[in-house]
Amino acid sequence: MAARRMQRLLSREFPIPARAFSTRSSVPVMDSSSALAFATVYPDDLSTAHPYQVENLVRGKWGKSLKSSKLPDPLNGGEFITVPEATGHELPEYIESLQSCPKSGLHNPLKNPERYLLYGDISARAASSLKHREVGHFFARLIQRVSPKSYQQAQAEVTVTQKFLENFSGDQVRFLAKSFAAPGNHLGQQSIGYRWPYGPVAIITPFNFPLEIPVLQLMGALYMGNKALVKVDSKVSVVMEQMLRLLHACGLPPNDTDFINCDGPVMNKLLVEAKPSMTLFTGSSRVAEKLALDLKGRIKLEDAGFDWKILGPDVNEIDYVAWVCDQDAYACSGQKCSAQSILFMHENWSSRNFVEKLKQQAAKRKLDDLTIGPVLTVTTKTMLDHMEKLLSIPGSSIAFGGKPLENHSIPDVYGAIEPTAVFVPLKEILKDEHFDLVTKEIFGPFQVITEYKQCELPLVLRACERMHAHLTAAVVSNDVEFLQEVLGETVNGTTYAGIRARTTGAPQNHWFGPAGDPLGAGIGTPEAIKLVWSCHREIIQDFGPVPKNWTSTTS
């Protein structure tokens, strides 16, 4: 029964308009009849009966590896995708390819500047292609097949990617490399500051946003003149493989990017031996810390976040705030690095039965429409064991959830639980013996809720100060003095403030990244691209003339 219900979901119809676009560029583009000409897989055909073989890309050529592994369908466990697993014997080709790029990059302000224009054109074509409902639907469905989430959430990922590419069309790529000059001490002298590429770089991204994160980071790296090696979590790498094929159809030079599927130890070996000038890592804090050591600090990180939300003393729009809290905690089954991990609720909200409203919102989530679904990195047992440990803390209780999902065929290797919240008293959270447990990130539909009185705001701020990851946060209040106090005492890099504040979203129109960490990376904006994918270079021009009455002196 559950399998048939999933099949109906996965095969639902979607109307595709016949719509075309054109450009005067000499690079081939797609019209409505060839919008999916790049595709080598069709999401709704993926099954044990019709599996797909992902390929690696190196030196501009697609190919398989000597070794491969089969992936289970996260909804029914059937093997439906085969991914290559590059071995140590295959690494020299990737190392040589990466090292073929000089430190000065494939382009910079003084070398091959026409490539800035090329990438503006590529972005325009790719953005226009993703705007095709046929192409957008293709990627949304492919995302759903490998990282199950609601269609709305999957489509939002496509939309953000499309808007990002649109933002960096035309001249916007060259504007990223805008320089500045300062007058010198004498005629013919001036200093010029440039944004300079790193040259060979690497990008490692996780499973939860298989299109948005790798595309935004890859394109940022390429805009600035770097050559990139991309490694996406193999569970979802088919999405980026297809996007690279689309980018090639839009004019991306095939040799500018390599794409590898391999396990963690092999990728670590590749990075250590290839010595990329910069590596961008998005993922777990544990792996991030190891890579920072292995790569001797030549790395930028957007690692995990235990993200907090504070509901202030002014209670407004309670139904809307409950809806946002549900979205922040449980959309994508809680598998967002920006997901709401802990909710500090002022007593004024609890007196208005806010938790009950949140419970009612969470109860609307169903496996049928993937508003709740498989958790790809945490098993059911691990999540429920963590819940039991929290419940051993004095005063703790289950607010709602806390049970496995029923009537499904999700394989045991993945997790499947109801949207869950555990209440833990604030003063218990702050105790040394409890704090690390309470603030352990569970990358699934799981959050901690606590309550505070107005006089206990310093305790809330103390808890925020003790947390070690500072990615996103939200202060839900329109009380200006309250906002100023909380915002002035906290550090999270992407903080939303006001009655509509959220912790998730990560659109393309503002910075998204941690603060308080010299290795912290951002994504999506010109500032993020320049920070992560370029460095500062100063060239001091001194052309003379030498003064006619000049004589040498001793100094």
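The values are calculated or read from the model by the stated rules, or taken from the named source; none is laboratory data. The shown structure was predicted, so the numbers you read here are calculated from the model rather than taken from an experiment. Note: ideal-geometry Cβ built from the backbone for every residue, glycine included; neighbour counts use all protein chains shown. We work out accessible area using only protein heavy atoms, side chains counted, and drop any ligands, DNA or RNA first. Shrake-Rupley method; radii C 1.70, N 1.55, O 1.52, S 1.80 Å.
Could you tally up the Lys pairs in the stretch 114-251 with alpha carbons closer than 27 Å? Skip any pair fewer than 8 positions apart unless they're on separate chains. Eligible lysine pairs with Cα atoms under 27 Å apart amount to 14. Full extension of the chain between TRP323 and ALA363 yields a length gain of 13.2 nm, computed as 0.36 nm times the residue separation minus the alpha carbon distance. With each label modelled as a point 7 angstrom along the Cα→C-beta vector, the ASN167-ASN316 pair spans 2.7 nm.
Between exposed GluC sites (Glu not before Pro) in the chain, where DSSP calls loop and at most 12 other Cβ atoms lie within 10 Å, what's the longest gap? The reported range is 14-405.
When a/c is below 1.5 the answer is rounded, else prolate if a/b is larger than b/c, else oblate, so apply that to the stretch 60-128 with a ≥ b ≥ c taken from the square roots of the Cα gyration tensor eigenvalues. Judged from the Cα gyration tensor, the stretch 60-128 comes out oblate (a/c at least 1.5, b/c at or above a/b).
Computed about the Cα centre, the dipole magnitude for the stretch 317-405 is approximately 220 debye when only Lys and Arg (+1) and Asp and Glu (-1) carry charge, each at its Cβ.
Of the residues MET224, THR379, LEU106, the one whose Cα sits farthest towards the positive end of the charge dipole of the chain is LEU106 (charges of +1 on Lys and Arg Cβ, -1 on Asp and Glu Cβ, taken about the Cα centre).
The string of couplings for the stretch 497-502 from the Karplus curve (6.51, -1.76, 1.60, θ = phi - 60°) is 9, x, 5, 9, 5, 9 Hz, one whole number per residue in order, with x for Gly and Pro. Angle between the Cα long axis of helix 285-294 and the longest principal axis of the chain, 0 to 90 degrees, nearest 10? Taking the Cα atoms of the chain, the angle to 285-294 is about 30 degrees.
Length available on full extension from TRP511 to GLU79: 0.36 nm per residue minus the Cα-Cα distance, which gives 151.7 nm. Rounded to the nearest whole Hz, the Karplus-based 3J(HN,Hα) values (6.51 cos²θ - 1.76 cosθ + 1.60, θ = phi - 60°) of the stretch 123-138 follow the sequence 4, 4, 5, 5, 4, 5, 5, 5, 6, 4, 4, 5, 6, x, 5, 4, with x at glycine and proline.
Annotation: aspartates and glutamates with alpha-carbon distance below 14 angstrom to LYS366 (same-chain offsets under eight excluded): ASP326, GLU406, GLU418.
Taken one residue at a time, the phi angles of the stretch 388-395 give Karplus couplings (6.51, -1.76, 1.60, θ = phi - 60°) of 5, 5, 5, 5, 7, 6, x, x Hz. Gly and Pro are set to x.
Charges on Cβ only, +1 for Lys and Arg, -1 for Asp and Glu, centred on the Cα centroid of the chain; of ALA339, SER555, THR495, which one is farthest towards the dipole's positive end? Selected residue: SER555. The modelled label-to-label distance between LYS296 and THR379, using points 7 Å beyond Cα along the C-beta direction, is 4.0 nm. Rounding to the nearest 20 debye, state how big the charge dipole of the stretch 415-555 is about its Cα centre with +1 on each Lys and Arg Cβ and -1 on each Asp and Glu Cβ. Around 460 debye, computed over the stretch 415-555.
Of the peptides 412-422, 324-334, how do they stack up when ordered by the mean number of other Cβ atoms within 10 Å, highest first? Don't skip to the answer; put the middle values down first.
Details: 412-422: 21.6, 324-334: 26.2.
Ranked from most to least packed, the peptides come out as 324-334, 412-422.
Under a 1.4 Å probe, what is the accessible area of the stretch 45-179 per residue, stated in Å²?
41 Å²
The alpha-carbon of LYS290 sits under 13 angstrom from the alpha-carbons of these aspartates and glutamates, leaving out residues fewer than 8 places away in its chain: ASP303. The calculated P(r) of the stretch 257-338, using every Cα pair and 10 Å bins from 0, goes 14, 34, 22, 17, 11, 2 in percent. When Rg and the Kirkwood radius Rh are both evaluated on Cα atoms of the chain, their ratio Rg/Rh stands at 1.01.
Put simply, the amide H of ILE417, placed in the peptide plane, has neighbours under 5 Å in LEU405, leaving out anything fewer than 5 places away on its chain.
Taking a virtual spin label 7 Å from the Cα of ARG537 along the C-beta vector, which residues in the stretch 271-294 bring their backbone nitrogen under 18 Å of it? Residues 276-279 qualify, since their backbone N sits under 18 Å from the label point. Tell me which lysines have Cα within less than 24 Å of LYS389's Cα, excluding those fewer than 8 residues away on the same chain? Within the straight-line cut-off, LYS389 pairs with LYS309, LYS336, LYS359, LYS381, LYS403, LYS427, LYS431, LYS440.
Rolling a 1.4 angstrom probe over the chain with all protein chains present gives an accessible area of which 52% lies on carbon and sulfur atoms.
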